[in-house]
Amino acid sequence: MPSLQPISPDALVELVSDLATDGPGRRIVAVDGADAAEPVALATAVADHVEASGRAASVVAMADFLRPASLRLEFGHADAESYRTIWFDHAAVRREVVDALRSKGQWLPRLWDPVRDRSFRDGPRTAAIDQVLVLAGPMVRSSGLVVDATVALIMSEGALRRRTPEGDLWTIPALLEDACSAPAPDIEVRYDHPERPAFRRTS
């Protein structure tokens, strides 16, 4: 496997942007990372960079596709296995984002508001002919979602513990287990120190 190469945060945005736009038509790239790695922040920077180059781009956050609390919390408020297997509504992401983009030329930006525990009631958005969607959040690689490219923000257990709020530390075992078993990404980013990342291409 290639060795890790240091890269600046700005250059990482450019690298992921190049991956996201490496092909014509509508594309979906996943940025897989624990909340501690702030994958949505990187995804947003990538989408902004892609748009600045003249191509339509938007972010879809997995946090906006959670299941209702009655399902997420069926086995308690701190069950790591539930977090890994039932918290995120991957079926809805597949239906309303991935498949809808490819078959209908549209996607749903958000589904479920976990604060109010009810639907956002957003309507579908119409995709440009060269639309790029950046799907960002934890454990995306193991979701079964078929995307065009994947980027994994990898953090060690120590980094996760440093950067995860105390109330969410119970999610770390699920995140570590998932990182070990998930399919290899196209680009692996070591992200213990987001200001000093390192990357390697795995495909």
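In the stretch 55-70, of all residues being assigned to a strand (DSSP E or B) and aliphatic (A, V, I, L, M), the one that is farthest from Ala159 (Cα to Cα) corresponds to Ala57.
Out of the stretch 113-140, which residues are of a type outside the set (Lys, Arg), part of a strand (DSSP E or B) and open to solvent by 50 Å² or more (accessible area, probe 1.4 Å)? Across the stretch 113-140, the qualifying residue is only Thr126.
Is it true that Arg200 is closer than 23 Å to Val13 by Cβ and among the basic types (Lys, Arg)? Here the answer is yes, as Arg200 does meet what is asked. Of note, Thr202 satisfies the criterion of being surrounded by fewer than 15 Cβ atoms within 10 Å (Cβ to Cβ) and among the polar types (S, T, N, Q).
Only one entry in Leu169, Leu153, Leu145 is among the aliphatic types (A, V, I, L, M) and open to solvent by 30 Å² or more (accessible area, probe 1.4 Å), namely Leu169.
Selection over the stretch 16-32 of residues that are open to solvent by less than 60 Å² (accessible area, probe 1.4 Å) and on the phi < 0 side of the Ramachandran plot gives a count of 11. For the stretch 41-54, filtered to residues that are of a type outside the set (Asp, Glu), assigned to a helix (DSSP H, G or I) and open to solvent by 30 Å² or more (accessible area, probe 1.4 Å), the residue that is nearest to Arg125 (Cα to Cα) is Thr44. Are any of the residues in the stretch 100-108 within 24 Å of Gly23 (Cβ to Cβ), open to solvent by 30 Å² or more (accessible area, probe 1.4 Å) and touching a helix residue (DSSP H, G or I) at 6+ places or on another chain (Cβ under 7 Å)? Yes, the stretch 100-108 contains a residue that is within 24 Å of Gly23 (Cβ to Cβ), open to solvent by 30 Å² or more (accessible area, probe 1.4 Å) and touching a helix residue (DSSP H, G or I) at 6+ places or on another chain (Cβ under 7 Å). Within the stretch 55-72, which residues are open to solvent by less than 40 Å² (accessible area, probe 1.4 Å) and β-branched (Val, Ile, Thr)? Val60 - this is the single residue of the stretch 55-72 that is open to solvent by less than 40 Å² (accessible area, probe 1.4 Å) and β-branched (Val, Ile, Thr). If you go through the stretch 188-197 one residue at a time, do you hit one that is open to solvent by less than 70 Å² (accessible area, probe 1.4 Å), under 21 Å from Phe75 (Cβ atoms) and modelled with pLDDT of 95 or more? Checked the stretch 188-197: no residue is open to solvent by less than 70 Å² (accessible area, probe 1.4 Å), under 21 Å from Phe75 (Cβ atoms) and modelled with pLDDT of 95 or more.
Taking the criterion of being open to solvent by 50 Å² or more (accessible area, probe 1.4 Å) and either among the hydrophobic types (A, V, I, L, M, F, W, C) or under 16 Å from the mean Cα position of the chain (by Cα) (or both), the residues of the stretch 172-184 that qualify are Cys180, Pro183, Ala184. Each residue in the stretch 25-40 was checked for being more than 20 Å from Trp107 (Cβ to Cβ) and outside any strand (DSSP E or B), and 5 pass. Screening the stretch 71-112 for residues that are among the polar types (S, T, N, Q) and in a helix (DSSP H, G or I) and picking the one that is farthest from Ala34 (Cα to Cα) gives Ser103. Please specify each residue of the stretch 141-189 satisfying the condition of being in contact (Cβ under 8 Å) with a residue 60 or more places away in the chain and assigned to a loop (DSSP other than H, G, I, E, B). Those that are in contact (Cβ under 8 Å) with a residue 60 or more places away in the chain and assigned to a loop (DSSP other than H, G, I, E, B): Leu145, Val147, Asp148, Met155, Thr164, Ala182, Pro185, Asp186.
The values are calculated or read from the model by the stated rules, or taken from the named source; none is laboratory data. Remember, predicted model here, so these are calculated numbers, not experimental data. We place every Cβ from the backbone using ideal geometry, glycine too, and count neighbours over all the protein chains shown. Side chains included, ligands, DNA and RNA excluded: accessible areas come from the protein's heavy atoms. Shrake-Rupley method; radii C 1.70, N 1.55, O 1.52, S 1.80 Å.
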